Amino acid sequence: MLKDELRKLILQQKRQFTPQQLAQLSLSVLQRLRPLLREARIILAYYALPDEVDTRHLLDELVAEGKTVLLPKVLDDTAMELRRYTGPHDLREGAYHIMEPIGDPFTDLTQIDLALIPGLAFDAQGHRLGRGKGYYDRFLAAFTGTTIGVCFDFQKVAEVPVDAHDIAVNRVV
């Protein structure tokens, strides 16, 4: 299956669920994810789109625990940077209608203990299908820390088509 075909298939599957059903499915994913975050001090995460595993409350929990939470901010058609998240008050709608932090950039990728990476589909080898812009692949090419792909169970597929520039995650939850 080609990447575009798999994207269409997964997006069709997502549309079969109500927002309430996706919220319920998110709870079980987050339950599996929380123990993996216990030891991390600095975590790259994402502020969920309506059709993604909902990380919004988790982000606030992590900040309340004293952890440093970073979120991506899209700069242009090819680049994103990381910024510190301190709470919903420091978010503004950015590119692609994604809520992004307005704080100072965070540039030392070696300090990040763990990165939570969203995707449309993942396979058992950690190969990831994104939305097609390549932002996370460019980030992952420069990141050497632990990465966890975050998705609903129905987004786990037998095989994700892979190109030379695609970067796999270490684990999928």
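Data table
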read-out	value
Computed over the chain, the ratio Rg/Rh where both radii use C-alpha atoms and Rh is Kirkwood	0.93
Cα point-scatterer Debye curve for segment 125-168, base-10 log of I(q)/I(0) at q = 0.16, 0.19, 0.33 Å⁻¹	-0.43, -0.61, -1.45
Filtered trypsin sites (Lys or Arg not before Pro), segment 1-66: DSSP coil and at most 14 other beta carbons within 10 Å	Arg38, Arg41
Loop-located GluC sites (Glu not before Pro) in segment 6-81 whose Cβ has at most 16 other Cβ within 10 Å (DSSP)	Glu39, Glu65
Relative pair counts by distance (%), Cα atoms of segment 34-119, 5 Å bins	3, 15, 27, 29, 18, 7, 1
Cut-off 12 Å, label 7 Å out along Cα→Cβ of His89, residues of segment 20-64 by amide N	none
Accessible surface of the chain, 1.4 Å probe, proportion on carbon and sulfur as whole %	52 percent
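The values are calculated or read from the model by the stated rules, or taken from the named source; none is laboratory data. Being a predicted model, the structure only gives us computed values, none of them experimental. Here Cβ is always computed from backbone atoms with ideal geometry, including for glycine, and neighbour counts include all displayed protein chains. The protein model used for the area step is the full one, side chains on, heavy atoms only, and it has no ligands, DNA or RNA in it. Shrake-Rupley method; radii C 1.70, N 1.55, O 1.52, S 1.80 Å.
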